[in-house]
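Notes follow the structure.
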Amino acid sequence: MLGANAVVGGVSAATLPENRGTRPLDARTSRALKLRLAAAELESQRPSAIPQPNGDETLYPNLIGTFTKGLPHSQLGEVDLGAYQSLMTAITSQSHADAEKIQLGLGRKFVDIEASFAYNMDGADTYTFSIPPAPAFNSAQIAAEMVELYWQALARDIPFTEWDSSPVIQAAAAELNGLSGYRGPRDAAGHVTTANVFRGYMPGNTTGPYTSQYLLQTIYWGSTPREQMYRTGMPGVDFMTDYSEWLLGQSGLPPYRTEVFDPTLRYIRTPRDLAQFVHWDCLCQSFLQASLILLDARPETLLNYNLYQLSHTNPYKTSRIQTGFATFGAAHIQDWVTHVALLALKATWNHKWAVHRRLRPEAFGGRVYNTLTGAANYPIHRDLLNSQALRLTVQKTGGSLLPQAYVEGAPLHPSYPAAHATVAGACVTLMKAFFEETSLVSGVVVPTTDGLSLTPSDGLGLTIGGELNKLAFNVAMARNFAGIHYRSDADAGLAIGEEVAICFLKEQVNTFTETFQGFAFTKFDGTKMLIAPG
């Protein structure tokens, strides 16, 4: 037994269960203690994940397949190996003092390396979440992902409503259809088409308009209705297409150009609009907004909410006496939807810095550029070097760098998995546990091609679950449209986020006195899930 004066994790040992002595516990305190201990025991049974990097860091001594942005770089955009070692020393030691000794490049700071090592006091520990290795630098899969990104850059200003007739979208679908490494959805005949290109694999993702209704419909913030019109980038304005700008960016120089914004707010109607929406968003923003839309929190309905949209397992959906609020109601839903975002981020950061350290697409574009100019000879798969997407990019920009939608390019943290995707996976899984997935979406709209208004749409087949899945993938893929993430970053992030939410729900399901079946929802892979009390 610990001595009464010992301190464990900043807590006096005298307060731990085995040191309580003969002090009696009342029934409530005893029950609360048992719930806390049971939750801790549940999470302690999860084994730590076995790190599975793709081997690029070891295979290429010049680190061409590794995230190095923000450190000093050569004229080829290859990192100073001594500076990289200072980063690895900090990651290995998990020491704040060592992190403060990392050799920065031209000024920009790294994003929160030490979040990789933080602990959670609810939900599963960040080190227990597994994802497969990222596609290798020389693989057909990463080549297909880069081809997809070059097409997405070429398609940034094409309205979603015009994709079926767009020659660019048609050409993108045709080329991706023929790539062995492409992992996006295909139709029943195995084809990539304008109806499924750049979309996700989850149920509902290939049904109806590209953009989720929860990024378009009116939000009621308390008594204030707010139309979802956002500041967007100006069409045709991309960044990092000049090699000198790209090279300075790799060493962390703050942007010397200015972001160019459209002075008119617009509904999200193009990939550029979607990319700009996730540029400066609060990470849980779109999911909190979606919960307000689903709760139909208008002043005239505030006391009743839109009960038909709540899950059939909600104990207050059929209650004659009560409505939910702090449990199974608006306050509960909104808190949990935002709460799991941070749990998901910590799990993401562990993989980003401590395990994978995958280079950003922006950096991969530099490897392509130096290979095509003859400055270097990197082992890039021919599917990318011979692609139509790359040829059209060279014609449009004068070079083979991947055009970036953000003036600063990629952020200063590694690529795999995508943080927006992980948060999206967690938040949407929570929402599907609270709302009736099979209910049809009401008030379906689509934006006009100029993004200045919305028009009604029949919404055939659109369900709450499908549109929530679509929202998760919209948010994840939006970062790809910006040029800063790969498809596999999004897929891995969504998977981690879903598991984060499931662990959290399993821990919380026994904390209620209401009689209910549990949290029922459909996973991203179509599997039905019930997390029941007991």
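The values are calculated or read from the model by the stated rules, or taken from the named source; none is laboratory data. Being a predicted model, the structure only gives us computed values, none of them experimental. Note: ideal-geometry Cβ built from the backbone for every residue, glycine included; neighbour counts use all protein chains shown. When the accessible area is computed, the model is the full protein with side chains, heavy atoms only, and any ligands, DNA or RNA have been set aside. Shrake-Rupley method; radii C 1.70, N 1.55, O 1.52, S 1.80 Å.
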Revision key, fill the gap. Computed D for the stretch 12-149, Stokes-Einstein, Kirkwood radius over alpha-carbon pairs, 37 °C, 0.692 mPa s, to the nearest µm² per second, is 170
Practice item. Quick one: grab the alpha carbon gyration tensor of the stretch 57-111, order the square roots of its eigenvalues as a ≥ b ≥ c, and give me rounded if a/c is under 1.5, else prolate or oblate depending on whether a/b is larger than b/c. Key: oblate
Review point. Under a plain spin-label model, where a point goes 7 Å from the Cα along Cα-to-Cβ, how far apart in nm are Gln103 and Asp450?
Key: 5.6
Revision key, fill the gap. Honestly the stretch 385-482 on the Cα gyration tensor test (a ≥ b ≥ c root eigenvalues; a/c under 1.5 rounded, otherwise a/b vs b/c for prolate or oblate) is just oblate
Practice item. Please say if the stretch 19-99 is rounded, prolate or oblate, where rounded means a/c under 1.5 for a ≥ b ≥ c the square roots of the C-alpha gyration tensor eigenvalues, and otherwise the choice is prolate for a/b larger than b/c and oblate otherwise? Key: prolate
Exercise for review: Pull up all non-local amide H partners of Thr463: gap of 5 or more, or a different chain, and H-to-H distance under 5 Å with H placed in the peptide plane.
Suggested key: Val441
Review point. Hey, rough spin-label estimate for Gln322 and Ser457, points 7 angstrom out along Cα→Cβ, what's it come to in nanometres?
Key: 4.0
Check your understanding: Which aspartates and glutamates does Lys317 reach when only Cα atoms under 16 Å apart count, and residues fewer than 8 places away in its own chain are ignored?
Key -> Asp296, Glu436, Glu437, Glu514
Exercise for review: Just need the relative contact order of the stretch 246-400 here, percent rounded to a whole number, with Cα pairs under 8 Å and 6+ apart.
Suggested key: 14
Revision key, fill the gap. Under the 7 Å Cα-to-Cβ spin-label approximation, Lys34 and Asn138 lie apart by a distance in nanometres of 6.0
Study note, to complete from the structure: Computed for the stretch 473-534: size of charge dipole around the Cα centre, +1 on C-beta of each Lys and Arg, -1 on C-beta of each Asp and Glu, debye to nearest 20, value 120
Check your understanding: How long are the semi-axes of the ellipsoid equivalent to the stretch 94-176, from square roots of 5 times the Cα gyration tensor eigenvalues, in whole Å, largest first?
Key -> 39, 19, 16
Revision key, fill the gap. Phi-derived 3J(HN,Hα) across the stretch 214-221 with the Karplus relation (6.51, -1.76, 1.60, θ = phi - 60°), rounded Hz, x for Gly and Pro, is 7, 9, 10, 6, 5, 9, 9, 8
Check your understanding: Considering the dipole of the chain built from charges on the beta carbon (Lys and Arg +1, Asp and Glu -1) around the Cα centre, which of Gln309, Ala476, Ala134 is farthest to its positive end?
Key -> Gln309
Check your understanding: Looking at the stretch 357-427 from every direction and averaging, what is the projected area of its Cα convex hull in nm²?
Key -> 6.2
Point to revise | Sum of side-chain charges, Val260 neighbourhood, beta-carbon under 12 Å (Lys, Arg +1; Asp, Glu -1) | key: 0
Exercise for review: Please name whichever of Phe325, Cys282, Pro379 sits farthest to the positive end of the charge dipole of the stretch 264-394, dipole taken about the Cα centre and charges placed at Cβ: Lys and Arg +1, Asp and Glu -1.
Suggested key: Pro379
Check your understanding: Heavy-atom accessible area of Lys432 with all protein chains present, probe 1.4 Å, nearest 10 Å²?
Key -> 0
Point to revise | Contact order relative to length of the stretch 404-510, as percent, for alpha carbon pairs under 8 angstrom and 6 or more apart | key: 47
Point to revise | the chain: calculated mean residue ellipticity at 222 nm from DSSP helix runs of at least 4, using -39500 (n - 2.57) | key: -11000 deg cm²/dmol
Check your understanding: How big is the charge dipole of the stretch 300-452 about its Cα centre, in debye rounded to the nearest 20, if each Lys and Arg gets +1 on its Cβ and each Asp and Glu gets -1 on its Cβ?
Key -> 600
Revision key, fill the gap. To the nearest 20 debye, the chain has a Cα-centred charge dipole, built from +1 on Lys and Arg Cβ and -1 on Asp and Glu Cβ, of 620
Exercise for review: Find which of Pro414, Thr92, Val445 sits farthest along the positive direction of the dipole of the chain, computed with +1 on the beta-carbon of Lys and Arg, -1 on that of Asp and Glu, about the Cα centre.
Suggested key: Thr92
**Study point:** Neighbour net charge for His279 - beta-carbon separation under 14 angstrom, K R +1, D E -1
**Key:** -2
**Study point:** Radius of gyration and maximum dimension Dmax of the stretch 245-380, Cα, Å
**Key:** 23.0, 75
**Study point:** lysines with Cα under 20 Å of Lys506, excluding same-chain neighbours fewer than 8 positions away
**Key:** Lys34, Lys346, Lys432, Lys523, Lys528
Exercise for review: Could you work out the relative contact order of the chain, using alpha carbon pairs under 8 angstrom and six or more residues apart, expressed as a whole percent?
Suggested key: 21
Point to revise | Net charge of neighbours whose Cβ lies under 14 Å from the Cβ of Ser130, counting Lys and Arg as +1 and Asp and Glu as -1 | key: -3
